[in-house]
Each structure stands twice: as structure tokens, then as C-alpha cells.
1. Rank these for me by crowding, Asp390, Asp71, going from fewest to most other beta carbons within 10 Å.
2. Over segment 521-673, what lengths in whole Å, largest first, do the semi-axes of the equivalent ellipsoid take, defined as the square roots of 5 times the eigenvalues of the alpha-carbon gyration tensor?
3. For segment 347-364, just list the computed ³J(HN,Hα) in residue order, Karplus coefficients 6.51, -1.76 and 1.60, θ = phi - 60°, integers in Hz, with x standing in for Gly and Pro.
4. Output the relative contact order of the chain, whole-number percent, from Cα pairs under 8 angstrom with separation of 6+ residues.
5. Assigning unit charges at the beta carbon (Lys, Arg +1; Asp, Glu -1) and nothing else, what dipole magnitude in debye, to the nearest 20, does segment 336-462 show about its Cα centre?
6. Report, largest value first, the span of the C-alpha coordinates of segment 78-206 along each principal axis, in whole Å.
7. Please rank Tyr558, Tyr406, fewest neighbouring Cβ atoms within 10 Å first, as an exposure proxy.
8. Projecting each Cα onto the charge dipole of the chain (Lys/Arg +1, Asp/Glu -1 at the beta carbon, about the Cα centre), which of Leu167, Ser483, Ala641 comes out farthest on the positive side?
Amino acid sequence: MRVELPPEPAHFVDRDEQRGRVLRAVEEWRGRSRPLVVTLSGPGGVGKTELAHLVARVLRDRFPDGVLSADLDDFRLSGIVDTGDVLAQLLESLGTDPTLLAARFKARCKQYWSKTADARLILIVDNARYASEIVPLLPASGGSLVIVASHGPLPDLEDGAAVGLPLPPLEEWAATELLGLVVQDPRLAADPETVRTLVRLCDGMPAALHVAGRWVRTHRLRPLARLVMQLRGELDEKGIPGVEQVWDTAYDGLSRPAALLYRLLPHHPGATFTPDSATALLGLGPDTAEEALEELDRAGLLDLRPALGPGDGRMRLLGPLRAHALRRSRRDARDGEVGESLTLLLRWFVRQAQRADRFAAGRRLTVVEEFDARAGAPDVPLEDPAEAEDPAVKAERAERASHWLYEERHALFALVRLAHEREWDAEVVALSETIWTFALDHPHQSDVVGAFRLAVASAVRRGGHASWLVRTRCQLARYLWESGLHDEAERELDSAEAALGLLGDDQRDRKLAASTIEFRGMLHGVRGEWRAAVTHFTRSRDMHLAIPNPYGAMLQTYRLGEAEAALGELETAHRLLSEAHAEAAGQHRERMTRRTGFALAGVLCRLGRTAEARPLYEESLRGARQRRSGFDQARIHDAMAALADAEGRSAEAVQHEAAARDIRRRNGLDDDGASPYGSRPE
């Protein structure tokens, strides 16, 4: 059972009425095919999220399939939530292999419904703004509970078929109790009137009470009355009512680096950030950044717990605090402060993405040189697999780099948009090249196609870089045809080929030209035009041989073998794939060795040489398991089931069929074994 709940807060008071209403609603719910939906609404800082977590802790034993959570602000770009990406996170939490996520939104919805049809789980959805953001996330089970936290009510959620619970500010007695728990100082008992003044100053907002409590704890030697007078005077001078006053006072007490970081954080691309990216944004070195983050935590303006826990270390400014930080940025930032920091952060991100791409995929053809390191912003601690001798260490380093690309995907996509808006075209093209590697394993079609469209636009706008034009159009073409847009993909390839005449004659440009011909052959293959594909793969291979580029030649030999197999020319396919397999092994290209081996095994089976195919399939299966690729594992089990059946090993065939079926069922896919990506020629 997966339980996605943070540590229980040290102090929580009141909300008994709301808790009681949720418990009664759960007891009385008789839904069959739709979950019980409870909405908690109120202003930022009123404690909606903590109450949602508390209710989930109380009820989790009644929901044996676990507690999932999704903060929609983590998926919100320019005010819009990518619901498909939220579904991807929920499906992965439900055990779906990332390589088996359906690419298109409607298919992903069906996959989610399949995974939740019989589930009894709790889903917490935080920071919702509109009912339309919630509906696609509802589990397809009447045995589940959905708790939604939003700043305002959601009256149109399923035509009002939800239990709505507005959360008012705490009553004075509850606020006083919470302040006492936070502060735990004898001064409170000695001066109840001043405590009442402080509580009223916080206006019943739990977040404000926590900040005020930290303020009191920080100044333990001062009389409480004088302390509150100072606080009130500061707030009165600012003239900002309510909770904002408490946060302003905390901000005004920050050191210069901490105040600068606070002003910059709301401009960080993507909704979350890490200590590494916060350091790059601040630009004053890791020691100063660490001190600033800790100071913000102490001031109650940032929660450091995610960075200290067992998760991915990602932090975020809560909604009200982010808005407050933006206001202080507009008021206090010097001219050019935000723009300078974003420029440096963008180039830091480009460098890190280029490094992660190289470590994850190995050295490959690129058209933008790797960006230089910058002072004050150390590289992310990723290590180059090429510098390790142990294969296990190599694999672990490559996996870490891939994971970094995945975790930073929202920032990378946001940075592409930012760089394009500011006409930083080299950065756009460089980022698109790094997104290519991420997208091969995690195809989120809307984001990927959008990023590659911007890369093409940047390449066209810059002009004078034929390699950019060719590269970006080929990248876009692949993801267009994977989205079923074959004609548009063909037009992009036409434009790419038209730019080939502008390329130079150095090795990189010759590789790029050969790669463009390969893309044309791949599109022919997607359309089933295998004779035309053979022509283009042959031409591309000849070009790679002339450079010479052994890896490119090996890849085209592999593609030729697959094309000949599709045409039924099995002896020719066997010869080509055997050659490609031997070349891949000789070049120590592990992934290509297994890809060519799998393809070769398929041809051997069709030739009736199953004994030769078996070890190739077994090696491919071991590789798929190491990469944790559910898609590859399922298709290899399918192939091995057919092989076992051909050899009369019926019991073994049943085992492989069951294994493939189990993988697909665990990932919410149909048993027909269809790829969630559609046609994906490698």
C-alpha cells in the first residue's frame, strides 16, 4: 500500500466540525461507480492541506489501496494545469511503468480508469482552481475518497455532487491554543492580554500564527508586550492588513542574501525547485545559498522538510507565500535583478541538462556546444558513466542522469518557453536536444511537440545556422508522426532536406545529413512503405561509411535488417541483423546490442532456428529488467511465449504469456499488448 503523506504536523488544533462531517460522509456514502468527493476551501494559510492530510491519516485503514496526493500547482504553467501530466504521476504511484504510460490524453484517462476501477483509495488534490481540473483525476470507483483543497469553492464540480466544507479562520480560543503549542513560552501565561492582541493580529490564520510564533521564540529575552508593540508598529507602518503583515515583518528581518533569494524564488521556472537550482538562481555560491534557505525556513517563509526527507528534495513556495514574494520582488528588486538571475539560471540549467543528456545517452550528434560552468553555481553532482570501469557503476550513473532529466522536466519545458520569449535561440535549441533523450523514455506528447515547435521557430528566427534548422525539424518530425500527424511530419522533413545544401562538409554536418535521410526512412517505415525505407536506410548507411562513422553505419544496418524483415526477406534480414549485432557488441553499445539481438532473434524464429533465438531473447529480457522497461519486458515475454509454443513447451509459453499479461494489467493496459506510444520505430 502506497501512502503519500508527509510527516504529521507537530501541532494541530480544532477543525472538529469539519473532521466529523467528512467521517459521516464516508459512513453514509453509497456510490457505486463514482468516488466520494470532499472539497476544503478557504484562503491561503488557513490550513486546508493539513486538514486533508489529517483526515487521510484517520481514514487510511478503511482504504486498503493507499493514499495518493497531487499538488496541481506542481503541474501548473501560465495558470494552466497539464492534467495529462498529473495522470502520469498518479499512474506511476499506482505502479504503472513510466515506459507504459499512454501518450494521448484520452488513452491515459482510460488507463487511469482501468487502474482505479476496483480500487479503494484516498486521493488528495491540492491547490485546485477549477472543477475541470478535478474531473479527469477522479478514480473510477465508488469505493474511493477524493479530498480537494482549493482557495475558493468549486460549486460546479460534478454539478455540485460533492461535500463542500469551507474552512474559516480559527476561532480565538483555537488560535490561542495553537500559538501556545508553537511557542511554549511562560511569557504567554504571564501576559494573556498581549497574547490576545497577537492572536487577533494574526486574524485566525494558522500559517500566520506559526510565523508569529517563530518570531516570539526568536526573541526570548524581550518582554512579550514590547515585542508585540514592535511587531504591531512594523505592521502599521507597512499598512498591509492581515497575514501579509506578518510575512512582511518576517521578510524585513532577513539578511540581504536571504531576502534576495526570497524575491527571486517566485520567478523560478516550474512550480518547484531544488537546493541546486536555488543556488544557481541566487548566484552567490552554495554556502551562502544554504544559509539563505535555512534562514527562510526559520522565518517561516519556506518549508525545508522536503529537501531533508527521503524524497526527491524538491521544494516550493506555498501559494500565498509565493504571491507575497512576488509583491516584495516588484517593490524591492533593483532594476534588472530578476532578468539577470533568470539569464544565469537558464544557462546553468542548459549546462546541467546537456551533462545529464550525455551521461544518460552517451556522446551523440548535437548542434549546440556544451555550455560552460559558471561561478557561484556548481554543477549538479552527476558523474560521467564513461569514467567508471564497473558496468554496474556505469549503469547507476546513467540512471541517475536520466532521473534528473525526468525530475526537472517541468523546469526544462518552462525554460524553453522563457528562452524563446526572450529570443535566446541558442538556449532553446540546446534544451530541445536534451529534451530528446527524456522524451524517448517519457513521451508527454503535448509538451514535447510544443518544445520542438519552439525550437524550430528559434532556429528559423536566428537564421545562419543550417545545422539548427535540420536538427530541430527532424526532432519535431518524429514526435509529429508519433502523434499520428504523418503529413505534417513529412513537411518538416521536406524543410529539413531543403536545408541540407546549406550545411558544410565537416564531420558533424555530414553526420547530420545522413541522419536526415534516416528520418525519412523511418517515416516511410511508419507508413508501411518498407521498400522506400530500405532505399533511404541504404543511402544513409553509405553516407556514414564515407565519413566514416561506425556507430551510424551500424545503426543503419540494424534499420535495414528490420525493414527487410518487414518485407519478408528473412535471409537478407538475418545477415544484416547479425552484422549489426556484432558491430554493436564490438562498439560496447549495450542498449544497441540488446535491440539488435531482439530483432535478430525474431528473424531466427521466423526461420525456424528457435534454439539460436532463445539466448538472444534471454539477454534482451535481462537488459529490459535492468532498465526497468515494462514495455520491453512485456514484448519480450510475448516473443518468448511464441518461441516456447513453437518448440512445444506449452507450460513455459503459458508462464511467459502470464508474465506479459501481468505487466500490462499492473500498468492499466489492455491485454492486446498494444504499445501505449503507437508506432515508435527506434
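We did not get these values from a lab; they are worked out from the coordinates using the rules stated. Just so you know, these numbers come straight off a predicted model, no measurement behind them. Heads up, the Cβs are rebuilt from the backbone with ideal geometry, glycines too, and the neighbour counts pull from every protein chain shown.
1. Numbers: Asp390 8, Asp71 21.
In increasing order of surrounding Cβ atoms, one gets Asp390, Asp71.
2. Details: eigenvalues 160, 52, 50 Å².
The three semi-axes for segment 521-673 are 28, 16, 16 Å.
3. 6, 5, 4, 4, 4, 5, 5, 5, 5, 4, 4, 5, 5, 7, 10, x, 5, 8
4. On the way: 1036 pairs, mean separation 71.1, N = 682.
Dividing the mean separation by the residue count of the chain yields 10 percent.
5. Working: 16 positive and 23 negative charges, 90 e Å.
The calculation lands at about 440 debye.
6. 63, 34, 32
7. Details: Tyr558 25, Tyr406 16.
Ordered from fewest to most neighbouring Cβ atoms within 10 Å, Tyr558, Tyr406 come out as Tyr406, Tyr558.
8. Toward the positive end, the furthest listed residue is Leu167.
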